[in-house]
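Some notes on the structure that comes next.
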Amino acid sequence: MDSEARIVNCVRAAVDDLGLTSPGDEAIRNIIGLGLREAIDMLFPGADDQLHHDIVTRYRVHFLGENSTPSELFEGAREVVERLAAEDYLLAVATGKGRQGLDMVLESSGLGSYFHSTRCADEAFSKPHPEMLEQILDELGVLPKESLMIGDTEYDLQMANNAGTKSLAVSYGVHSVERLRQHNPLGCVDRVSEIPQWLESFSADIA
């Protein structure tokens, strides 16, 4: 799901509501993937509990209702999810979004039923801490060595490394290929549609 523009616009709106100086769009893009508290700490170092509360409250007002910026599926994403589900992959989501935000996105996309487990940053430690992945693996009865984290931010890949899972980077998100490769993913693809072929090649290599 390409929610970059919506997240940037909602953070900007929340900051404006509170009369704060905007950290700038590039800084906001850089925190995508983190939980809200961790994101606020990066954008506003030294923020106290009241400021955290105020920004989170205003952000959720915009993200969950007032903001009309669409979050579109990446091209080919629906077909890839349907194909992988048909091939009996266990699919899961580990996200920096809160539960309300993720449920809204899954409902609007119609993809919720394809995922066997989901975990959000308000239910576990934020990326890059491994807790979200660890909880998902425990729920599904899957070992770290049997799993693959697919991510478009360095926080995704750091979380995978911390959980002892393999990872695949995708370059169509918010972090550059150079940043992603620093965390030693098994590979990097440029389009969602390339993921099934990559999985087939990887499976053949280890068979």
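Every read-out reported here was derived from the displayed coordinates using simple, explicitly stated rules and does not represent laboratory data. All values reported here derive from a predicted model rather than from experimental measurement. Quick reminder, even Gly has a Cβ in these numbers, built from the backbone with ideal geometry, and neighbours come from all protein chains shown.
Of all lysines in the structure, those lying under 17 Å Cα to Cα from Lys97, and not within fewer than 8 positions of it along the same chain, are Lys127. Annotation: for a label point projected 7 angstrom from Cα along Cα→Cβ of Tyr89, residues of the stretch 104-135 with backbone N closer than 16 Å are 111-118.
For Ser167, the residues whose amide H sits under 5 Å from its own are Met149, Leu186, ignoring neighbours fewer than 5 places away on the same chain, with H placed 1.01 Å from N. For the chain, the longest principal axis of the Cα atoms and the long axis of helix 99-109 meet at an angle of about 60 degrees. Here the stretch 19-55 is scanned for amide nitrogen atoms under 14 Å from the site 7 Å beyond the Cα of Asn162 along Cα-to-Cβ, giving 33-39. Any chance you could give the angle, 0 to 90 degrees and rounded to 10, that helix 77-86 forms with the longest Cα principal axis of the chain? With both axes taken from Cα atoms, the answer is about 40 degrees.
Length gain on complete extension for the stretch Ser22 to Arg78, per 0.36 nm per residue less the alpha carbon to alpha carbon distance? Mind dumping the intermediate values first?
Working: separation 56, 0.36 × 56 = 20.16 nm, distance 3.46 nm.
Full extension of this stretch gives 16.7 nm more.
Taking the chain as the reference, fit the longest principal axis to its C-alpha atoms, fit the long axis of helix 154-163 to the helix C-alpha atoms, and give the angle between the two in degrees, 0 to 90, nearest 10. In the chain, helix 154-163 runs at an angle near 60 degrees to the longest axis.
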